[in-house]
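For reference, the structure is listed below as C-alpha cells.
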Protein chains: 2
Amino acid sequence: MLLVDDINAITQFIIELEKLKNVERRIKPVGLERYENSAEHSWHIALLALTLSRYAPQAVDELKVVTMLLLHDIVEIDTGDKFAYDANHDDFANEHQAALRLFALLPESLGRKFLLLWEEFEQAQSPEAQFAKAIDRLMPVLQNLHNGCQSWLAHDISVKQILSKNAAIEQANPQLWQWLKEQVIEKAKLVGLKTE
Amino acid sequence: MLLVDDINAITQFIIELEKLKNVERRIKPVGLERYENSAEHSWHIALLALTLSRYAPQAVDELKVVTMLLLHDIVEIDTGDKFAYDANHDDFANEHQAALRLFALLPESLGRKFLLLWEEFEQAQSPEAQFAKAIDRLMPVLQNLHNGCQSWLAHDISVKQILSKNAAIEQANPQLWQWLKEQVIEKAKLVGLKTE
C-alpha cells in the first residue's frame, strides 16, 4: 500500500535528481562537442556493467551492482563532479553529507537501503562494490580511446597516471585490463601523451 | 574467460550507445532550459522503478525491470524519439530493426538475452514489462507537474489526452494513479490546459 506521504517523498526525491542532469563531467561523449553530464554517465555505466558482469572472475549480484552505479553519483548534486586525476578527488566527508541529505528525502526504509548501498560502493570491499568501481573507471578509458584522448590531453595526464589510476579495472576482468593497457599505450603514442 | 573478440564486440556496442546522449526528447528537465536526452531519461526511470517496485501490486523482478528500462530507448539511436502523443508514436517495425542491428553488435548469447528483454518490454504482457512501461509513462507526468506543464502546453495536449495516454500507470500502482489524476486536473486548471 502506497500512502500519499510516500508518494510525496518519492516524488520529491525523483524531482531532486533532475539536478544531476546539470552536473558536468570533464569528458565529452564520443562524437559530441559538449561535455557529458553525470546522469547520462550513470546510465551508460549501468549498461556497461550488465555487458561485463557474466565475465567477472567472482560472481556478482547484478541488481546490487546496477543499483549502486545508478545511485553512486547523485551526491554530485551537492558536491559537483570530481575529476579522477585531481588531487582533491577524494571528498568522502562532503559526499557522505550529500548522501545523508538526499536519501533522507525518501520513505525511511527505502532511504536506508539506498544509503547502505551507496556506502558499500564507497567502501569498495564487497565483490559488487569492487566490480562497480572498476566499471566506473573503465568507462572514461573506453571513451578516451575513441575520442582522441580528449580528457587526458585536456588535463595533461600521463600514461603512468592512467595505468595507475585505473589499475582496479583488473578486479573486474584481468583479460580486459591486459587488453586495455596495450590500447592505452598505443593511443598515447599516437596523440603524444607524456609517459610519466 | 573474456576473449579479445568479445572485448571488441562489447566495446563497439558501448561506444555506439554514446549516440543516445544526442537523442532529444520533447521535455525539459525541471529547472533546465534545454531538452532532455534519452540517455539521462533512461537513468532517471531506472531509479524511479527502484523506488516504486516494492509498492507494486504484483511482485516484479527488479533486475529485469531495470535492465528493460536501461535498454528500451536505445533503438532511438536509429529512429529518434517519438512523442507519446504523436499519431505515429507506434513505430514498432523500425524500432525492431534498430534493436536487431544494435544487439547484433554484442557477443551472441548476450545480444540475444538483451533482444528478448527488449521484445518483452514492447509486448507489454509480463508483470515486469507492464510495470516498466508504466514507469516510463509516469516520469514525464511527474516532470510536467513540476515544470509548469512545459511539454503539454508546448504541444497543446488536453487533460483528456493526458489521462487516457497514461492510464497504464494504474497497473504499476492504483493509489499513485488516483493521486496523479487529481494532480493533473489541478495543475491543468492553473496553467490553462484544454480539457478535451
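Table for the structure above
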quantity: Verdict on residue A:170 being more than 21 Å from the chain's Cα centre (by Cα) and under 30 Å from residue A:57 (Cα atoms); calculated: no
quantity: Number of the exception - residue B:157 against (1) touching a helix residue (DSSP H, G or I) at 6+ places or on another chain (Cβ under 7 Å); (2) crowded, with 18+ Cβ neighbours inside 10 Å; calculated: (1)
quantity: Which numbered condition residue A:112 fails, given (1) among the basic types (Lys, Arg); (2) open to solvent by less than 50 Å² (accessible area, probe 1.4 Å); (3) farther than 30 Å from residue A:191 by Cα; calculated: (2)
quantity: Test: residue in the range A:76-83 that is open to solvent by less than 20 Å² (accessible area, probe 1.4 Å), within 30 Å of residue B:112 (Cα to Cα) and not in a loop (DSSP other than H, G, I, E, B); calculated: no
quantity: Residue match in the range A:96-112 (condition: small (Gly, Ala, Ser) and touching a Phe, Trp or Tyr at 6+ places or on another chain (Cβ under 8 Å)); calculated: yes
quantity: Residue B:73 being more than 10 Å from chain A (Cβ to nearest Cβ), of a type outside the set (Phe, Trp, Tyr) and touching a His at 6+ places or on another chain (Cβ under 9 Å); calculated: no
quantity: Filter result (in contact with a His (Cβ under 9 Å, 6 or more places away or on another chain) and in a helix (DSSP H, G or I)) within the range A:3-30; calculated: A:11, A:14, A:15, A:17, A:18, A:20, A:21
quantity: Hits in the range A:31-40 - residues which are open to solvent by less than 10 Å² (accessible area, probe 1.4 Å) and of a type in the set (A, V, I, L, M, F, W, C); calculated: A:39
quantity: Hits in the range A:149-166 - residues which are assigned to a helix (DSSP H, G or I), more than 14 Å from residue A:180 (Cα to Cα) and among the aliphatic types (A, V, I, L, M); calculated: A:153, A:154
quantity: Criterion violated by residue B:177 - all others in (1) under 30 Å from residue A:6 (Cα atoms); (2) within 14 Å of another protein chain (Cβ to nearest Cβ); (3) open to solvent by 20 Å² or more (accessible area, probe 1.4 Å) satisfied; calculated: (3)
quantity: Evaluation of residue A:52 against (1) farther than 15 Å from residue B:44 by Cβ; (2) free of Cβ contacts under 8 Å to residues at least 12 places away in the same chain (one fails), failing number; calculated: (2)
quantity: Verdict on residue A:102 being assigned to a helix (DSSP H, G or I) and in contact (Cβ under 8 Å) with a residue 24 or more places away in the chain; calculated: yes
quantity: Residues located in the range A:160-174, provided they are more than 21 Å from residue A:48 (Cα to Cα) and loosely packed, with under 14 Cβ neighbours inside 10 Å; calculated: A:160, A:164
quantity: Of residues in the range A:1-40 being charged (D, E, K, R) and within 15 Å of residue A:107 (Cα to Cα), the one nearest to the other protein chains (Cβ to nearest Cβ); calculated: A:6
quantity: Residue count for the range A:41-69, restricted to those that are at the interface with chain B (Cβ under 7 Å from one of its Cβ atoms), surrounded by fewer than 24 Cβ atoms within 10 Å (Cβ to Cβ) and over 28 Å from residue B:4 (Cβ atoms); calculated: 1
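The values are calculated or read from the model by the stated rules, or taken from the named source; none is laboratory data. These numbers were taken from a predicted model, which means no experiment stands behind them. Backbone-built Cβ (ideal geometry, glycine too); neighbour counts: all protein chains shown. For the accessible areas, the whole protein counts, side chains as well, though only heavy atoms, and no ligand, DNA or RNA atoms are used. Shrake-Rupley method; radii C 1.70, N 1.55, O 1.52, S 1.80 Å.
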